[in-house]
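Worksheet: the structure to be examined is printed underneath.
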């Protein structure tokens, strides 16, 4: 069996994992266990195949022997670039279903458990086919299957109106992106004479056509990746879905947009410099906007969703740096930029899945997603709190965890461009302070989250005593350990990153430049080991001090209040409001409503803050509302009678035949 056949078999296992459960009664748990087992089996097989490809084993194309449309063929193949994006997909295909057995058991969700597992399998299987498709039409079929599966997962709890609204917004966005990608595929097919995705010759794809394809790819894939301002669907969709689904959407599905963009640019015969500059600017704007909107969020899962937008921006900065390096004949820029981008894809997949799964445990224990109603959960959820703390440090780019290393690679690439000496590249250097500001705001956001959710005392009385289920705690602890392993083991991952970069632009391999020559990752690992050892020694010393005789604990200083209450604690919104008002532009900051105390003996004082998405609230929502009003005038066409609909079809067919006849006559 070839590696390609192994990966295709793993994809089919994932896609079919939810089917057996449809034939079992809703009250039985056997169906969900079979789904988890098949998904885990497919994930393990896929991990083995992906690692084999990254290790250098060949994976020749696999033709399915049929064609969807003329000049197309169902060909599947895997190169190291494909394998780099399959790794997080197959890993989460193992972790998320196991977590879901405890988080979303069939016995507690008889109405939607089977639907969730069926479409979860279809989503993961279709995403694997997206990465392996080497034909534009097959790619679009797999892409649309992925999009529709995600819609049904986002609307799992479709009895709730906000969930339905988030689902419709997602559906509009994803189909708009698909229309743009369809135009791109049709343009490529017309220009090259084939829908096959193989490197195109410059004679068949002139500069003007390439520029149009680049713009269509940036917009079409930008919808899926969540580039600003095309991100408007993302916060609602990711916060509405069950948490283990949110983990896969954020950790894997967003990266399909990144993969598609990289795949198209890898086939281009030439890359102009402005492609790299535009991509860097788009990434920097996305990163800064995403973290700015995350700061003021009060909903835990919405904050994590905006954080994903931020990290997608960081990935695109790395991709743009790689494009600029190829255009300018600077292989070190290209290698560092793309290696940093792919490594950040891996890292974000790990720590964002960790954070969403931890958030699921928190929501399950507290019964709410509003952080200002939480507090003091660390004693009840110690393992979840530990894992969330590791994920928060990783997403903030702090050493010795994995987020620091990938961002450091991108920084090195940007500094190389900035110090090159050409004035035209000076603007690219502005991405450096933007990313630095992004990191600072990300740290502030997760200090707010961890302090509000896990520290202090409970801000509201929960309905039951919070507790964590072992089946939900073990996966997040494993992901937390992976954050540390990836951070410390970066030098050993360099060959895999190089193979993925060389698969993107084979010319980079001929330059002889290697990652460890231009980025001393070994010293980063030594520094990380020193920090890890220092932290371990400090924790042991703290435990010894606490266990020593005479060590006492007491209440926190109450600032002179005779009867302090939990309402006197700082809230997440208060910290987010300060950061938003002091540091962020007005349109990105929180919307504050306050009634300040007046007089010597004030009776009423109120404060509330919210951070709506400015692009959705001020740009897209008015446009959607206006078009909805216009299209409602055409409701008279919807008669509800089959005969009328058949008449519509007949009219369209006659019109098409008439148009074809006139065209042939005129052409003759």
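General remarks:
- Spans of helices (runs of 4 or more DSSP H) in segment 374-457 with at least 3 residues under 21 Å from residue 480 (Cβ atoms), at pLDDT below 90 and in the same structural domain as residue 491 (by TED's automatic domain parsing): 431-454
- The lone exception for residue 199 - which of (1) out of contact with any helix residue (DSSP H, G or I) (no Cβ under 6 Å at 6 or more places or on another chain); (2) surrounded by 19 or more Cβ atoms within 10 Å (Cβ to Cβ); (3) over 30 Å from residue 472 (Cβ atoms) it fails: (2)
- Residue within segment 277-296 that is within 30 Å of residue 113 (Cβ to Cβ), touching a residue at least 60 places away in the same chain (Cβ under 8 Å) and surrounded by fewer than 24 Cβ atoms within 10 Å (Cβ to Cβ) present: no
Residue by residue, here is whether (1) loosely packed, with under 14 Cβ neighbours inside 10 Å; (2) at pLDDT below 80; (3) within 26 Å of the chain's Cα centre (by Cα) holds:
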{"residue": "3", "(1), (2), (3)": "no, no, no"}
{"residue": "11", "(1), (2), (3)": "no, no, yes"}
{"residue": "25", "(1), (2), (3)": "yes, yes, no"}
{"residue": "34", "(1), (2), (3)": "no, no, no"}
{"residue": "52", "(1), (2), (3)": "no, no, yes"}
{"residue": "64", "(1), (2), (3)": "yes, yes, no"}
{"residue": "75", "(1), (2), (3)": "no, no, no"}
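- Residues being more than 22 Å from residue 241 (Cβ to Cβ) and without any contact (Cβ under 8 Å) to a residue 40 or more places away in the chain are represented in segment 328-335 by at least one member.
- Any chance residue 360 is outside any helix (DSSP H, G or I), in contact (Cβ under 8 Å) with a residue 40 or more places away in the chain and over 22 Å from residue 514 (Cβ atoms): no
- Note on segment 471-497: among residues that are part of a helix (DSSP H, G or I) and out of contact with any helix residue (DSSP H, G or I) (no Cβ under 6 Å at 6 or more places or on another chain), the one that is modelled with the lowest pLDDT is 474.
- Segment 40-50 - residue that is buried (at least 18 other Cβ atoms within 10 Å of the Cβ) and closer than 10 Å to residue 87 by Cα and, of those, farthest from the chain's Cα centre (by Cα): 49
- Selection within segment 181-206: residues that are assigned to a loop (DSSP other than H, G, I, E, B) and over 22 Å from residue 77 (Cβ atoms). The member of this set that is modelled with the highest pLDDT is 206.
- Screening residue 382 on (1) within 20 Å of residue 283 (Cα to Cα); (2) surrounded by fewer than 22 Cβ atoms within 10 Å (Cβ to Cβ) shows it passes everything except condition (1).
- Members of segment 91-142 found to be more than 16 Å from residue 19 (Cα to Cα), in contact with a helix residue (DSSP H, G or I) (Cβ under 8 Å, 6 or more places away or on another chain) and not in a helix (DSSP H, G or I), listed by number: 104, 105, 109, 133
Let's see how each residue does on (1) within 23 Å of the chain's Cα centre (by Cα); (2) touching a residue at least 60 places away in the same chain (Cβ under 8 Å):
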{"residue": "146", "(1), (2)": "yes, yes"}
{"residue": "150", "(1), (2)": "yes, yes"}
{"residue": "153", "(1), (2)": "yes, yes"}
{"residue": "158", "(1), (2)": "yes, no"}
{"residue": "164", "(1), (2)": "yes, no"}
{"residue": "174", "(1), (2)": "yes, no"}
{"residue": "182", "(1), (2)": "yes, no"}
{"residue": "200", "(1), (2)": "no, yes"}
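- Enumeration of residues in segment 104-117 that are closer than 25 Å to residue 255 by Cα and surrounded by fewer than 23 Cβ atoms within 10 Å (Cβ to Cβ): 115
- Residue list for segment 1-29, restricted to those being part of a helix (DSSP H, G or I) and closer than 15 Å to residue 118 by Cβ: 12, 13, 14, 15, 20, 21, 22, 23
The values are calculated or read from the model by the stated rules, or taken from the named source; none is laboratory data. In this text, all values refer to a predicted model and were calculated from it rather than measured experimentally. Cβ coordinates were reconstructed from backbone atoms using ideal geometry, including for glycine residues, and neighbour counts include every protein chain displayed.
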